[in-house]
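Every number in this text was worked out from the coordinates using simple rules, so none of it is lab data. The model shown is predicted, which means the values in this text are computed figures rather than measured ones. Glycine also receives a Cβ, built like all others from the backbone with ideal geometry; neighbour counts cover every protein chain displayed.
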Amino acid sequence: MKMVAGNWKMNKTLQEGVALATELKEAVKNPNCAVVIGTPFIHLATVAELLKDSPIAVAAENCADKEKGAYTGEVSAAMVRSTGAEYCILGHSERRAYYHEDYAILREKTQLALANGLKVIFCIGEVKEEREAGKQNEVVKAQLEGSVFNLTAEEWKNVVLAYEPVWAIGTGLTATPEQAQEIHAYIRGLVAQRYGQEVADATTILYGGSCNEKNAAELFACPDIDGGLIGGAALVAEKFLAIIAAR
Ligand code: 13P
């Protein structure tokens with residue numbers, strides 16, 4: 001499946017988010033790919049209601065690693081699903097780096113998200129030093145083995161992967177189409193080894209990291225890049241719409 005997904009991160013008040021979602025809803029009627037927007041938890045119910053008759057699906061940017069109970073401030077996968085959100089972004093490098101989410105925590109979160117009827121956009125990717133040392137393949141392999149390759153083939157159907165090299169996120173430094181294609185093909189090969197070629201061919205693998213309205217078409221032309229996970233450019237309707245049009 002081809003897909004363009006936005007990740008708003010910690011941006012936009014509720015009113016600003018509603019204004020952006022309204023603009024997108026009016027413009028996206030019959031997209032040639034799946035379109036998803038990831039919003040802060042607090043916007044989910046309102047934005048999901050607003051988009052309920054639209055082809056645009058809504059994603060949370062995180063969920064708790066516990067089912068329910070005395071975990072002050074946390075938001076469970078069941079709560080996310082109850083807002084009408086269909087997806088949950090997990091494993092983002094900002095969550096790994098700033099909130100210490102390790103392989104085991106991400107394994108729990110993924111299980112809970114899937115068990116509660118959410119689809120997961122699972123992010124992987126290396127930091128700059130790892131790329132410079134030529135270790136990017138090892139890194140993404142360990143991230144997949146550590147958190148998602150325990151899933152059954154049935155569960156895997158609800159997983160989308162997003163390769164996001166950390167050195168390209170918010171830096172304006174995009175991976176070249178060649179760099180991105182090379183590692184996307186490697187990732188698809190790992191999925192094929194684990195779940196078989198047919199499943200690997202059906203797996204959606206997004207690219208993220210300074211993907212914008214100018215470079216999207218070139219990236220999306222690569223055979224193993226099924227779409228994008230967009231940060232900064234997803235905050236401006238005309239840029240996000242141009243990226244959707246490029247897919
Ligand atoms: P930017 O598009 O702002 O680089 O962010 C990418 C990202 O982290 C999406 O999850």
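Taking neighbour counts of Cβ atoms within 10 Å as a proxy for exposure, in what order, fewest first, do PHE240, PHE149, PHE220 appear?
Numbers: PHE240 26, PHE149 16, PHE220 21.
Ranked by crowding around the Cβ, least crowded first: PHE149, PHE220, PHE240.
Where nothing but the Cβ of Lys and Arg (+1) and of Asp and Glu (-1) is charged, how large is the charge dipole of the chain around its Cα centre, in debye to the nearest 20?
Numbers: 24 positive and 32 negative charges, 71 e Å.
For the chain, the charge dipole is close to 340 debye.
Less than 14 Å Cβ to Cβ from LYS66, Lys/Arg counted +1 and Asp/Glu -1: what total charge do the surrounding residues give? Don't skip to the answer; put the middle values down first.
Numbers: positive: LYS68, ARG107, LYS109; negative: ASP65, GLU67, GLU74, GLU101, GLU108.
With Lys, Arg at +1 and Asp, Glu at -1, the neighbours total -2.
From zero outward in steps of 10 Å, how is the percent of C-alpha pairs of the chain spread across the bins?
Values per bin, smallest distances first: 8, 34, 39, 18, 1.
Charges on Cβ only, +1 for Lys and Arg, -1 for Asp and Glu, centred on the Cα centroid of region 1-145; of HIS43, HIS92, GLY125, which one is farthest towards the dipole's positive end?
Farthest towards the positive end: HIS43.
Which far-off residues, 5 or more places away or on another chain, put their amide H under 5 Å from the one on LYS2, with H placed in the peptide plane?
Long-range HN contacts for LYS2: ALA34.
Can you list the equivalent-ellipsoid semi-axes of region 179-247, largest first and in whole Å, using the square root of 5 times each Cα gyration tensor eigenvalue?
Details: eigenvalues 129, 22, 18 Å².
Values for region 179-247, descending: 25, 10, 10 Å.
From the residues TRP156, THR171, GLY134, which one has its Cα farthest along the dipole of region 109-171 in the positive direction, the dipole being from +1 and -1 charges on Cβ of Lys/Arg and Asp/Glu about the Cα centre?
TRP156
Provide Rg over Rh for region 31-122; use the alpha carbon set for both Rg and the Kirkwood Rh (inverse mean inverse pair distance).
Numbers: Rg = 12.9 Å, Rh = 13.3 Å.
For region 31-122, the value is 0.97.
Would you mind checking the radius of gyration and Dmax of region 121-247 based on alpha-carbon positions, in Å?
Answer for region 121-247, Rg first and Dmax second: 14.2, 40 Å.
Show which aspartates and glutamates lie in cross-link reach of LYS12 when reach means a straight Cα distance below 18 angstrom and same-chain residues fewer than eight apart are skipped.
GLU23, GLU49, GLU61, GLU94, GLU238
Taking a threshold of 31 Å on the Cα-Cα distance, which of the pairs LYS25/LYS135; LYS66/LYS239; LYS109/LYS135 fall above it?
Numbers: LYS25/LYS135 41 Å; LYS66/LYS239 36 Å; LYS109/LYS135 26 Å.
Beyond 31 Å: LYS25/LYS135; LYS66/LYS239.
Give me the dipole magnitude in Debye, nearest 20, for region 1-44 about the Cα centre, with unit charges on the beta carbon: positive for Lys and Arg, negative for Asp and Glu.
Using only the charged Cβ atoms, the result is roughly 140 debye.
Is it possible to state the helix-based mean residue ellipticity at 222 nm for the chain, with each DSSP H run of 4+ residues giving -39500 (n - 2.57), the sum divided by total residues, to the nearest 500 deg cm²/dmol? What is it? Can you show the working numbers first?
Numbers: 12 runs with 107 residues, N = 247.
Dividing the helical sum by the residues of the chain leaves -12000 deg cm²/dmol.
Listing SER147, SER210 from the residue with the fewest other Cβ atoms within 10 Å to the one with the most, what is the order?
Numbers: SER147 24, SER210 21.
Listing SER147, SER210 from fewest to most nearby Cβ atoms yields SER210, SER147.
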